[in-house]
Amino acid sequence: MARQGSWRGELLGGFAVVAICTLLGGLFQQAVLGFALANVGILLYWSWHLRMVQRWLDRPLEDPPTGRGVWGHLLDSIFRLQRQNREAQSRLESALDYLQDSLASMRDGGIIVNNRGGIAWANASADYLLGIRFPEDRGQSLLNLVRMPEFQSYYESEDFTHPLRVTNVSEDERSLQFEITRFGAGDRLVFVRDITDTVRLEQMRRDFVGDVSHELRTPLTVLKGYIDTLTDLEVFSARQYSKPLEQMQQQAARMENLLRDLLWLSKIETFESHRKTERVNIGSVLSEMVGELRAAYPERTVALKIEGDTTIIGDEPELRSAFSNLIVNALKYSDKEVAVVWHAGADVSEFSVVDQGSGIAAKHIPRLTERFYRVDKSRSQNSGGTGLGLAIVKHVAAAHQAELVIESELGRGSRFGIRFYSARKGRP
Ligand code: ADP
């Protein structure tokens, strides 16, 4: 049995009409006429329904007309689909309204940029932070309105893995942080946040550490001077004095190193965002440094391998301190050969130090660059380190847009590398 309203039912009905009309025509010797009239009738019937569907589709908001058979079924199905579509659309519109309302009320600036770089939407905070007014600026190029060189190169770099910080933006020295997310067909959502307070706090912390370290240096120099004088005096040569004096000397030297590293770290952090423009010949820096270390550690083997172009754009004292921290660590935490390698490739150049020491368990690796983080506290302190070496290396790398790479295997050794990208290559 064909289902009512199905196309089979419609076809069978059509056949039945044609057969009946042909038979009726046959009764009057006019079978062909009956057949033709039946076909014309069916054609008119379908054309009328098609016209009905088309007229209704032109005014889809009206209720569907009532059709017979498959036409009624078809009209009902289209009507149902239309209703579902309208419901989904209104759900989507209210979700969008909700999203826009929440973005509009955010303290952070939010801007939607279309795939041609034009502003499609912006909230009120975008006006306060960047002077972008919506809807007045709709369709304007974002880069024409935000004229900060750092933002322009960030936007054009297409690399949005890390947010961008721009400090001292305006006369009131505001600092902003930008984050960009791609969505849809090349559209972008730009978030901008006022981080002036955070930047000021960070600056205060840096200044405080720098100032305290600086202030402590003078009293420490005086104390050291007296300890040295007392050590040289004949009266204090007896063992009960010489031992404590020796310890005082050691601790004073430790404190001196600590203050030196703290001051250096605060200086690197302060100037981290400044452009490093010197041409540094890594080859001669490393040859000289390895020569000095071989003299300081005569019992150790330090191999040096230099491959490819050796010039990069950077800051020589900062690079020296980072390289020497990594080589000295390799010497401190291993007792076999240490290999120092410079390899310059087409896009990436890498400085690395490989040792065959005790290695570091994976769980410690992400925390190694924290200030004063030590894997084995007693061993590291005995080795004379300040606990600031890798923090210094990390900041030097960041200041050169380079990456600190740490690979290590317990019991087999470690490889510490600083990876520089092509922008730092020293070729004109
Ligand atoms: P420290 O002055 O203690 O050496 P660093 O910041 O230079 O401070 O290093 C942090 C910690 O990382 C060290 O205390 C040590 O535990 C570990 N470390 C650094 N380099 C190596 C290495 N080559 N092999 C094993 N452990 C290392």
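The values are calculated or read from the model by the stated rules, or taken from the named source; none is laboratory data. On a predicted model such as this, the values are computed, not experimentally measured, just so you know. Note: ideal-geometry Cβ built from the backbone for every residue, glycine included; neighbour counts use all protein chains shown. These accessible areas exclude ligands, DNA and RNA; they are computed on the full protein's heavy atoms, side chains included. Shrake-Rupley method; radii C 1.70, N 1.55, O 1.52, S 1.80 Å.
Straight-line cross-link reach from Lys276 at under 23 Å between alpha-carbon atoms covers these lysines, not counting any fewer than eight positions away in the same chain: Lys267, Lys394, Lys425.
Sorted largest first by accessible area at a 1.4 angstrom probe radius, with every protein chain in place, the residues Ile112, Ile20, Ile418 fall in the order Ile20, Ile112, Ile418.
Enclosing the Cα atoms of region 276-428 in their convex hull gives a volume equal to 103 cubic angstrom per residue. For labels at Arg374 and Arg275 in the simple 7 Å Cα→Cβ model, what's the distance in nm? Here the answer is 4.2 nm between the modelled labels. Considering region 106-194, its Cα convex hull presents a mean projected area of 5.4 nm².
Look at the dipole of region 278-341 built from charges on Cβ: of Thr301, Val341, Ile312, the Cα furthest out on the positive end belongs to Thr301.
The share of accessible area on the chain that comes from carbon and sulfur is 56 percent, using a 1.4 angstrom probe.
The helix-based estimate of mean residue ellipticity at 222 nm for the chain, built from -39,500 (n - 2.57) per DSSP H run of four or more residues and divided by its residue count, is -17500 deg cm²/dmol to the nearest 500.
Global size of region 219-309: 20.2, 60 Å for Rg and Dmax (C-alpha atoms, Rg to one decimal, Dmax whole). When the charge dipole of the chain is built from unit charges on Cβ atoms (+1 for Lys and Arg, -1 for Asp and Glu) and taken about the Cα centre, the candidate among Leu50, Gln84, Ser157 whose Cα reaches farthest toward its positive end is Leu50. Calculated on the alpha-carbon coordinates, the convex hull of region 197-270 measures out at 69 cubic angstrom per residue. Charged side chains reduced to their Cβ positions (Lys and Arg at +1, Asp and Glu at -1) give region 2-91 a dipole of some 220 debye around its Cα centre. Test of understanding: extend the Cα→C-beta vector of Gln100 to 7 Å, then name every residue of region 118-133 with backbone N under 16 Å from that spot. Backbone N within reach: 119-126, 133. Taken over the C-alpha atoms, region 2-91 has Rg and Dmax values of 17.5, 64 angstrom. With respect to the chain, whose longest principal axis is taken over its alpha-carbon atoms, helix 389-399 is tilted by about 50°.
In the context of the full set of protein chains, residues of region 276-428 present 47 Å² of accessible surface per residue (probe radius 1.4 Å, heavy atoms only). Of Trp121, Trp48, the order by accessible heavy-atom surface (1.4 Å probe, DNA, RNA and ligands excluded), from most exposed downward, is Trp48, Trp121. Simple spin-label estimate for Arg133 and Glu171 gives 2.0 nm between the two label positions (7 Å along the Cα-to-Cβ direction from each Cα). Between the DSSP loop rule and a limit of at most 16 other Cβ atoms within 10 Å, which trypsin sites (Lys or Arg not before Pro) in region 163-250 are left? The qualifying sites are Arg174.
Debye-formula intensities of the chain, expressed as log10 I(q)/I(0) at q = 0.10 Å⁻¹, are -0.91 (one equal scatterer per alpha-carbon, no solvent). Distant-in-sequence amide contacts of Ala120, defined by a placed amide H-H separation under 5 Å and a gap of 5 or more residues or a different chain, comprise Ile112, Val113, Asn114, Gly139. Using only the C-alpha atoms, the convex hull of region 58-115 corresponds to 111 Å³ per residue. With R₀ set to 25 Å, the beta-carbon distance separating Gln251 from Ala362 gives a calculated FRET efficiency near 0.15. Gain on full extension, evaluated as 0.36 nm per residue between Phe28 and Leu92 minus their Cα-Cα distance, stands at 16.6 nm. Summing Cβ point charges (Lys, Arg +1; Asp, Glu -1) relative to the Cα centre of region 197-270 gives a dipole of roughly 140 debye. Across region 302-340, the residues whose backbone nitrogen lies under 17 Å from the label position 7 Å along the beta-carbon direction of Val405 are 305-309, 323, 326-327, 339-340.
Note on Leu50 and Ser422: the model spin-label points, each 7 Å out from Cα along the C-beta direction, lie 6.1 nm apart. Helix 316-332 against the longest principal axis of the chain: what's the angle in degrees, Cα atoms only, rounded to the nearest 10? Once rounded, one gets 80 degrees. For GluC sites (Glu not before Pro), the sites in region 292-334 that DSSP calls loop and that have at most 12 other Cβ atoms within 10 Å are Glu299. Taking Cα centre as origin and charging only the Cβ of basic (Lys, Arg, +1) and acidic (Asp, Glu, -1) residues, the dipole magnitude of region 276-428 rounds to 380 debye. Per residue, the solvent-accessible area of region 106-194 (1.4 Å probe, heavy atoms of protein chains only, all protein chains present) comes to 56 Å². Looking at region 1-61, the trypsin sites (Lys or Arg not before Pro) that sit in a DSSP loop and have at most 14 other Cβ atoms within 10 Å of their own Cβ are Arg3. Each of Thr66, Leu404, Ser6 was scored by the projection of its Cα onto the charge dipole of the chain, and the greatest displacement toward the positive side belongs to Ser6; charges sit on the C-beta of Lys, Arg, Asp and Glu.
Against the longest principal axis of the chain, how steep is helix 31-58, in degrees 0 to 90 to the nearest 10, with axes from Cα atoms? Tilt relative to the chain: about 40 degrees.
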